[in-house]
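Structure, as structure tokens:
No lab work stands behind these numbers, since they all come straight from the coordinates. Bear in mind the structure is a predicted one, so any value in this text is a computation, not a measurement. Don't worry about glycine lacking a Cβ; one is built from the backbone with ideal geometry, like all the others, and counts go over all protein chains shown.
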Amino acid sequence: EIASLILIICVIQLKQISAGLSVLDDYQRDLIDAYFIYRIKTPCEQMMKKHDKDEYQIRVDKLAALEKFTRGVYGVVQT
């Protein structure tokens with residue numbers, strides 16, 4: 001009974017995460033992967049080299065990607 005409920009919750013969370021990732025373009029997905037999925041060492045420096053962008057732009061783009069991912073997971077919240 002409890003194991004079934006845990007499995008259902010995990011499936012729901014997996015679907016939400018998949019929905020969040022599906023709204024990202026390749027560059028945004030790369031940023032999310034580097035910072036939050038694979039948690040690589042020095043993600044900013046690696047992304048700067050890979051995408052030929054400066055540190056400020058990587059950080060701005062990371063925040064935008066994270067916001068887009070969050071909206072994909074939870075939907076648009078109206079205030």
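Tabulated results
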{"item": "Intensity falloff of region 2-73 expressed as log10 I(q)/I(0), Debye formula with alpha-carbon point scatterers, at q = 0.15, 0.19, 0.21, 0.28 Å⁻¹", "result": "-0.54, -0.74, -0.85, -1.21"}
{"item": "The chain: relative contact order as a whole-number percent, Cα under 8 Å and 6+ apart", "result": "41"}
{"item": "Helix 2-22 axis, angle to the chain major axis (alpha carbon atoms, nearest 10°)", "result": "30"}
{"item": "Nearest 10 degrees, 0 to 90: helix 55-74 Cα axis against the chain principal axis", "result": "20"}
{"item": "Label-point separation, ALA19 to VAL60 (7 Å along Cα→Cβ), nm", "result": "3.1"}
{"item": "Signed unit charges on C-beta, dipole axis of region 2-73, positive-most listed residue PRO43, ALA64, GLN16", "result": "GLN16"}
{"item": "Student exercise, the chain dipole from Lys, Arg, Asp, Glu Cβ charges, in Debye to nearest 20", "result": "80"}
{"item": "Label-point separation, ARG71 to ASP26 (7 Å along Cα→Cβ), nm", "result": "2.3"}
{"item": "Highest to lowest packing among 47-57, 2-12, 63-73, scored as the average C-beta count within 10 Å", "result": "63-73, 47-57, 2-12"}
